[in-house]
Amino acid sequence: MQVKLTIDKDYTLGGIDERLYGSFIEHLGRAVYTGIFEPGHDTADEQGFRRDIMALIRRLNIPIIRYPGGNFVSGYRWMDGIGPKEARPRRLDYAWASVEPNLFGIDEFADWCKKAGTSAMVAVNLGTGTPQQAADLVEYCNFPGGTYLSDLRIKNGHKDPHSFRVWCLGNEMDGPWQTGAKTADEYGRIACEAAKMMKWVDPTIELVACGSSSAEMPTYPAWDRKVLEHTYDQVDFLSMHRYYGFKGDVTDYLASYADLDAFLSAGIAAADYVKAVKRSKKTMKISLDEWNAWYGTSGPKKEETWTVAPPIHEQTYNLMDALCVGGLLCTMINRSDRVRMACLAQLVNCLAILMTQPGKSAYAQTTYYPFLHASLFGRGEALRPILKAPKVETARGEADAVTAAVTFNEEQGELTVFALNLAQEDTVLQLSARSFAALSPIEHIVLDGDLFAENTFDQPENVLPRRAPVAPLEKGVGCVTLPRLSWNVLRYKI
Ligand code: AHR
C-alpha cells in the first residue's frame, strides 16, 4: 500500500499551545496516595513525594496538570486540605466510594508541580460547592496577601501566591453520576456567577466551562450550547471529554482518531453558533481536558469501599491502546487551532500512563510512549498534512488507513511527522516537503509488534519504541516504510 503526504511551510494551522500536552491527577484510587505521594517510600522526599514517579513525569515535559478532579471535585471541600495535617478531617468521597484523608491538598499540589516542572489547572467544586467557595479558593491561591484567606496561605507556609492561571468551573455537571449534577440552565447560571467572582479576585485567570461529559449523553450537544449561552462572555474554554475502548475490532478501535475529529467539530460548531447569536468577537477555545483509551476497568471492590486509596480503574494498556492514543494525538495536533489545551486522563495509576506499586517500583505503560513523543517533538507550528491514503471501512464509516500530523519547530530547526498506520500491511509513505529544501533525517521511531503485548511490573520494558533505518530525502522528497499497525515518529533537521 502507498500513501502520499504533502506538506508546505506555508500551509500552517498556526502555533500549537504547549498546553495541548497536559495531563490529569485526580483524588481517585491510588493516583495521589501511593501514586505521587507516599511518605515512607524509599524514594520519597521530605514532603513524601515519590521521586521515582517524579523522574518519569519530568521526562514528559508536561506543561499543565488538571487537579483535584474529575468526579471527586464535585463534593470536595478544599479547606479540608490545608493547614496542619493532624487537624485535617477524613471525609467520605461519594464519587469513588472512598475515604479521603486530606493529607495532600492544594498547597502540596502547588509544591509538587514546582518539583515536577509543571503547572496546575485547578478545578473548583460546582456540584455541592458555591461560587463564594470557588472565589475563596482563587483568593487563597492567587491573592498576594493582606486578606484573611491570602494570609492563611502565608501562615500555611506559602509566602508567594501560587498564581494558578487556569481554572475549571466544575466537572461533567450533566452526568447523573456527579455529586450535585445540574441541568444546563442550573449549571450555566452558577458557572456564570462563579466565573464573575473568580475573575474579580484575579482578572488574569483563564476559565473553562463544562461541556457535555460525552457524546453519548442524551443532552449532547444542546447542553454545550445552553451552557455557553449563559457563560460565553465570562469563560475562555469549553471543556470536552472523550474516551475510547476496544470492542473487538482492531480497525474500528484504531480509527477512533476520526471519531475524535467529528466530536471536536460538534463542540466547535456549538461554540461558534453561540458566538454568532451573541455577535461576539471572541472565539471560544476548546479544552479537551479528559481523553484517553478506557475500557474494562472497575471501581473499588465491594470489600474495599470506604477505604483510603483502593485500587480503582487500574487499566493495563497494551500496544494496540498505544496506537490508538497515537492516532488521537494526531487529531489533536491537526485541530490545535481550536483545541488549545488537553489533558491525557490520567497520569498515575488510574487509567494511567504510569503505574506504581505501594512500597515498590514504578513503570511506564505502553501509552506513555506516543504521549512522550508528541510532548517532546510536537511543539511549534502545526502544518496541514495533505494526505492521499486508501480508505478503511469502520463501524463509524470510512477512515484513512494512515493518519498523520506534522509539526514545524522553527526554534529547534526540526520538522516532525507523526503517523499511525492502521492498515494490516506495511505502507510506503511518499513524503513531499519541497518547501524545506534541505531536510536531514534525525531518526524514525517506531512502536509496533504484538498488539496485545503489555508492560507490567515484572516486565516493565516489554513494549518499547525502536529505531528504524531512515532513508535520506532528495530536496525534501523521499519514501519511508510505515510497518503494519504501527505508530511512527519521523524527525528531520532543517
Ligand atoms: O478520569 C476518570 C473520570 O472520568 C473523571 O473523574 C470523570 O470526570 C470522568 O467521568
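The values are calculated or read from the model by the stated rules, or taken from the named source; none is laboratory data. Model, not experiment: these values are computed from the prediction. Please note: Cβ atoms are built from the backbone with ideal geometry, for glycine as well, and neighbour counts cover all protein chains shown. Ligands, DNA and RNA are excluded from the accessible area calculation, which covers all protein heavy atoms including side chains. Shrake-Rupley method; radii C 1.70, N 1.55, O 1.52, S 1.80 Å.
For region 167-223, the set of residues classified as touching a helix residue (DSSP H, G or I) at 6+ places or on another chain (Cβ under 6 Å), among the polar types (S, T, N, Q) and closer than 29 Å to Ser256 by Cβ consists of Asn171, Gln178, Ser212, listed by residue number. Scan region 292-335 for residues that are away from the ligand (no atom under 16 Å from the Cβ), of a type in the set (Val, Ile, Thr) and under 28 Å from Leu238 (Cα atoms) and the total you get is 2. Residue selection: Glu381 satisfies the criterion of being among the charged types (D, E, K, R), closer than 25 Å to Ile16 by Cα and open to solvent by less than 70 Å² (accessible area, probe 1.4 Å). Do we have Thr231 as of a type in the set (Ser, Thr, Tyr), within 24 Å of the chain's Cα centre (by Cα) and open to solvent by 10 Å² or more (accessible area, probe 1.4 Å) here? Spelling it out, it is not the case that Thr231 is of a type in the set (Ser, Thr, Tyr), within 24 Å of the chain's Cα centre (by Cα) and open to solvent by 10 Å² or more (accessible area, probe 1.4 Å). Note on region 131-146: residues that are open to solvent by 70 Å² or more (accessible area, probe 1.4 Å) and over 11 Å from Asp202 (Cα atoms) total 2.
Kindly evaluate Phe37 against the criterion of being more than 16 Å from the chain's Cα centre (by Cα), of a type outside the set (Ser, Thr, Tyr) and either within 16 Å of the ligand (Cβ to nearest atom) or on the phi > 0 side of the Ramachandran plot (or both). So that I can check it myself, show each step before the final result.
Details: more than 16 Å from the chain's Cα centre (by Cα): yes; of a type outside the set (Ser, Thr, Tyr): yes; either within 16 Å of the ligand (Cβ to nearest atom) or on the phi > 0 side of the Ramachandran plot (or both): no.
For Phe37, the condition - more than 16 Å from the chain's Cα centre (by Cα), of a type outside the set (Ser, Thr, Tyr) and either within 16 Å of the ligand (Cβ to nearest atom) or on the phi > 0 side of the Ramachandran plot (or both) - is not met.
Being in the same structural domain as Lys282 (by TED's automatic domain parsing), under 24 Å from Arg279 (Cβ atoms) and of a type outside the set (S, T, N, Q) is a description that does not apply to Asp202.
The helices (runs of 4 or more DSSP H) found entirely in region 88-163 that carry 2 or more residues being in the same structural domain as Gly69 (by TED's automatic domain parsing) and over 22 Å from the mean Cα position of the chain (by Cα) are 131-142, 148-155.
Does Ala405 qualify as being outside the structural domain of Gly40 (by TED's automatic domain parsing), open to solvent by 30 Å² or more (accessible area, probe 1.4 Å), away from the ligand (no atom under 16 Å from the Cβ) and of a type in the set (A, V, I, L, M, F, W, C)? Criteria not met by Ala405. May I ask you to verify whether Glu216 is at pLDDT below 95 and of a type in the set (Asp, Glu)? For Glu216, the condition - at pLDDT below 95 and of a type in the set (Asp, Glu) - is met.
Put simply, of Glu206, Glu229 the only residue that is touching an Asp or Glu at 6+ places or on another chain (Cβ under 8 Å), touching a residue at least 24 places away in the same chain (Cβ under 8 Å) and acidic (Asp, Glu) is Glu206. When Thr231 is tested against the conditions (1) at pLDDT 95 or above; (2) within 16 Å of the ligand (Cβ to nearest atom), the lone failure is (2). Quick check: anything in region 39-62 hydroxyl-bearing (Ser, Thr, Tyr), touching a residue at least 60 places away in the same chain (Cβ under 8 Å) and assigned to a loop (DSSP other than H, G, I, E, B)? No, that holds for no residue. Total residues in region 355-371 satisfying the condition of being of a type outside the set (Gly, Ala, Ser) and either open to solvent by less than 10 Å² (accessible area, probe 1.4 Å) or assigned to a strand (DSSP E or B) (or both): the figure is 9. Just one of (1) in contact (Cβ under 8 Å) with a residue 24 or more places away in the chain; (2) exposed (fewer than 15 other Cβ atoms within 10 Å of the Cβ) fails for Asp160. It is (1). Of all the residues in region 1-32, those that are within 16 Å of the ligand (Cβ to nearest atom) and not polar (S, T, N, Q) number 10. Scan region 336-354 and give yes if some residue there is open to solvent by 40 Å² or more (accessible area, probe 1.4 Å), under 18 Å from the mean Cα position of the chain (by Cα), away from the ligand (no atom under 16 Å from the Cβ) and closer than 30 Å to Ala437 by Cβ, otherwise no. Yes, the conditions are met somewhere in region 336-354. Applying a threshold of 8 Å to beta carbon distances and a minimum spacing of six or more residues, or different chains, the list of pairs starting in region 309-324 at a residue that is under 11 Å from Gly299 (Cα atoms) and ending at one that is of a type in the set (Lys, Arg) and modelled with pLDDT under 95 reads Pro310/Lys301. I'd like to check something: does region 239-256 contain any residue that is touching a Ser or Thr at 6+ places or on another chain (Cβ under 6 Å), open to solvent by less than 20 Å² (accessible area, probe 1.4 Å), closer than 29 Å to Gln133 by Cβ and among the hydrophobic types (A, V, I, L, M, F, W, C)? No, because not a single residue in region 239-256 is touching a Ser or Thr at 6+ places or on another chain (Cβ under 6 Å), open to solvent by less than 20 Å² (accessible area, probe 1.4 Å), closer than 29 Å to Gln133 by Cβ and among the hydrophobic types (A, V, I, L, M, F, W, C). Filtering region 200-221 to residues that are surrounded by 15 or more Cβ atoms within 10 Å (Cβ to Cβ), part of a loop (DSSP other than H, G, I, E, B) and away from the ligand (no atom under 16 Å from the Cβ) leaves Asp202, Ile205, Pro221.
Checked against the criteria, Ile494 counts as at pLDDT below 95, hydrophobic (A, V, I, L, M, F, W, C) and open to solvent by 50 Å² or more (accessible area, probe 1.4 Å). Screening the candidates Ile65, Ile57 for the property of being buried (at least 21 other Cβ atoms within 10 Å of the Cβ) and more than 16 Å from the ligand (Cβ to nearest atom) yields one hit, Ile57.
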